[in-house]
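Participant: Starting off with a structure, shown below.
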Amino acid sequence: MDPLVLGAVVALVTILVLFSGMSVAVGLLVVSAGFLIVFDGMRSLELMPEILFGKLDNFALLAIPMFIIMGASIASTRAGADLYEALERWLTRIPGGLVISNLGACALFSAMSGSSPATCAAIGKMGIPEMRKRGYPDGVAAGSIAAGGTLGILIPPSVTMIVYGVATETSIGRLFLAGVMPGLLLVGLFMAWSVFSTWRSGNAAVLSPTVYSWRERFEILPRVLPFLAIILGVLYAMYGGIATPSETAAVGALLCLVIAMVIYKLWSPAALWVVLRDSTRESVMILFIIAAAGVFSYMLSSLYITQSIAEWIGTLEVNRWVLMGAVNIFLLIAGFFLPPVAVILMAAPILLPIILTAGFDPIWFAVILTINMEIGLISPPVGLNLYVINGIAPDIKLKTILYGSLPYVACMVLAIVLLCLFPGIATWLPDVVMGEAL
């Protein structure tokens, strides 16, 4: 069978298997084993265990459970609420300062936790009721938190970026740096739309500042500054050449646990067990998907599917930006139905050769891919963040939350366009800090 036709059959079968309700990792293993047996015979299965466990034999993967523990220890405390209160008190004199403080809290909590749902839950529990009480439109209150929560997979340290780095053998340090400026760009676009939308609603009262004394502003800082110091310390250790990403993640996880115990009195063995249990569960899920995706990639390469697609793309007489547009549409559709980690691991073996053949920077493309995954987090039918917000504020209709998040989707699309026009937004900082890539 022609490799390109076989590739289409593999894609169709994979979609059907995943839509059957089977877990992503098991589904990838089933599809891989099935096609290897049919086209290479039973002996091909002898390599599957070696590939499965060999994919996990990578020191860089240690960063994933460590960053997850770091985020879980923060999410299990009042750090999100304290961060929200601190920003509200310091930004309250800015017109529309409450919605700006919520988005700022989302950005900072994303950097601490690396989890979009956790960010939505932690900031939304405080921010949504407060914004509604002050008269902000329900769409702005819910949509801003849903969109702000997506920043967790872009702003470093990002588990999604680690997965992309492992899957494509790309520098994780460069990927982290590449997410900084685009992350700030998205925060700025989100804030600009939120303030404009609130002003357009005609309720001037919500834009009027609430006065806090200097004592009230300073008294809350000791509860959030240690966490922010850990983030800066982790980034400094990573880019100052002091430690590898995995080593800094381990130290960051330990320090976050210690601070959670000291500042937020997380002494209970039951509470600590919940943190470790949930972290282990999420880490095993991600690592299992990574291992299964390794087998899936081997199957694609063994059947010459990946190479044939790359060669076919190379022969097309089509503008590379048209090609990039098609890739973005594919990523958007995939992100509507699958979690970011699954999309990256499944698509990277096929898309990376295409991206390199077309002359695009793989670091820049990682940011484009991640923003597409962010759109999927606030778009139906899956739209995980939409359901998290609906669980926090059940009296806000899901339809209202969806409509409220659509302008933020437009902001993300605008960010992708700006990154295409000015790729230096993503590549400038990595080149400055780590030197130009060879």
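The values are calculated or read from the model by the stated rules, or taken from the named source; none is laboratory data. Being a predicted model, the structure only gives us computed values, none of them experimental. All Cβ positions, even for glycine, are placed from backbone atoms using ideal geometry, and neighbour counts span all protein chains on display.
Participant: State yes or no: is Leu300 in contact (Cβ under 8 Å) with a residue 60 or more places away in the chain, part of a helix (DSSP H, G or I), under 29 Å from Arg78 (Cβ atoms) and not charged (D, E, K, R)?
Facilitator: For Leu300, the condition - in contact (Cβ under 8 Å) with a residue 60 or more places away in the chain, part of a helix (DSSP H, G or I), under 29 Å from Arg78 (Cβ atoms) and not charged (D, E, K, R) - is not met.
Participant: Continuing with the same structure: For Leu414, indicate whether it is surrounded by fewer than 23 Cβ atoms within 10 Å (Cβ to Cβ), modelled with pLDDT of 85 or more and in contact with a Phe, Trp or Tyr (Cβ under 9 Å, 6 or more places away or on another chain).
Facilitator: no
Participant: Exactly one of these conditions fails for Ala253: (1) loosely packed, with under 15 Cβ neighbours inside 10 Å; (2) in contact (Cβ under 8 Å) with a residue 12 or more places away in the chain; (3) of a type in the set (Gly, Ala, Ser). Give me its number.
Facilitator: Condition not satisfied by Ala253: (1).
Participant: Also, I was wondering about something else. Cβ-Cβ below 7 Å, separation at least six or inter-chain, first residue in the range 333-360 and at positive phi, second at pLDDT 80 or above: which pairs?
Facilitator: Gly359/Arg320
Participant: In the list Thr198, Thr210, Thr244, which residue meets the criterion of being touching a Phe, Trp or Tyr at 6+ places or on another chain (Cβ under 8 Å) and at pLDDT below 75?
Facilitator: Thr198
Participant: Continuing with the same structure: On the given criteria, is Leu177 within 30 Å of Ala393 (Cβ to Cβ) and part of a helix (DSSP H, G or I)?
Facilitator: Working: within 30 Å of Ala393 (Cβ to Cβ): no; part of a helix (DSSP H, G or I): yes.
Taking the combined requirement at face value, the residue does not satisfy it.
Participant: Can you pull out the residues in the range 139-174 that are aliphatic (A, V, I, L, M) and assigned to a loop (DSSP other than H, G, I, E, B)?
Facilitator: Within the range 139-174, Leu154, Ile155 qualify.
Participant: Looking at Val163, is it on the phi < 0 side of the Ramachandran plot and surrounded by 21 or more Cβ atoms within 10 Å (Cβ to Cβ)?
Facilitator: Yes; evaluated as a whole, the condition is true for this residue.
To keep it simple, each residue is scored yes or no on (1) modelled with pLDDT of 85 or more; (2) more than 15 Å from the chain's Cα centre (by Cα).
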residue: Gly149; (1), (2): no, no
residue: Leu154; (1), (2): yes, no
residue: Thr160; (1), (2): no, no
residue: Arg174; (1), (2): yes, yes
residue: Leu177; (1), (2): yes, no
residue: Val187; (1), (2): yes, no
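Participant: Still on this structure: If you check Ser32 against the conditions, is it touching a Cys at 6+ places or on another chain (Cβ under 9 Å), closer than 29 Å to Ser283 by Cβ and part of a helix (DSSP H, G or I)?
Facilitator: Working: touching a Cys at 6+ places or on another chain (Cβ under 9 Å): no; closer than 29 Å to Ser283 by Cβ: yes; part of a helix (DSSP H, G or I): yes.
So Ser32 does not fit the description; no.
Participant: Would you mind stating whether Ser20 is modelled with pLDDT under 85 and either more than 30 Å from Leu257 (Cβ to Cβ) or touching a helix residue (DSSP H, G or I) at 6+ places or on another chain (Cβ under 9 Å) (or both)?
Facilitator: So Ser20 fits the description; yes.
Participant: Of the numbered conditions (1) at pLDDT 85 or above; (2) in a helix (DSSP H, G or I), Leu352 fails exactly one; give the number of that condition.
Facilitator: Looking at each condition in turn, Leu352 falls short on (1).
Participant: On to the next question. Please determine whether any residue of the range 54-77 is in contact with a Phe, Trp or Tyr (Cβ under 8 Å, 6 or more places away or on another chain) and within 18 Å of Ile231 (Cβ to Cβ).
Facilitator: Within the range 54-77 (the criterion being in contact with a Phe, Trp or Tyr (Cβ under 8 Å, 6 or more places away or on another chain) and within 18 Å of Ile231 (Cβ to Cβ)), the answer is yes, since at least one residue qualifies.
Participant: Test of understanding: among Leu386, Leu398, Leu377, which residue is surrounded by fewer than 18 Cβ atoms within 10 Å (Cβ to Cβ), of a type in the set (A, V, I, L, M, F, W, C) and in contact (Cβ under 8 Å) with a residue 12 or more places away in the chain?
Facilitator: Leu398
Participant: It is to be established whether one or more residues within the range 85-97 are crowded, with 23+ Cβ neighbours inside 10 Å, of a type in the set (A, V, I, L, M) and either touching a helix residue (DSSP H, G or I) at 6+ places or on another chain (Cβ under 7 Å) or modelled with pLDDT of 80 or more (or both).
Facilitator: yes
Participant: Which of the residues that make up the range 376-414 are in a loop (DSSP other than H, G, I, E, B) and not polar (S, T, N, Q)?
Facilitator: Step one: filter the range 376-414 for residues in a loop (DSSP other than H, G, I, E, B), giving 378-383, 393-397.
Answer for the range 376-414, where residues must be in a loop (DSSP other than H, G, I, E, B) and not polar (S, T, N, Q): Ile378, Pro380, Pro381, Val382, Gly383, Ala393, Pro394, Asp395, Ile396, Lys397.
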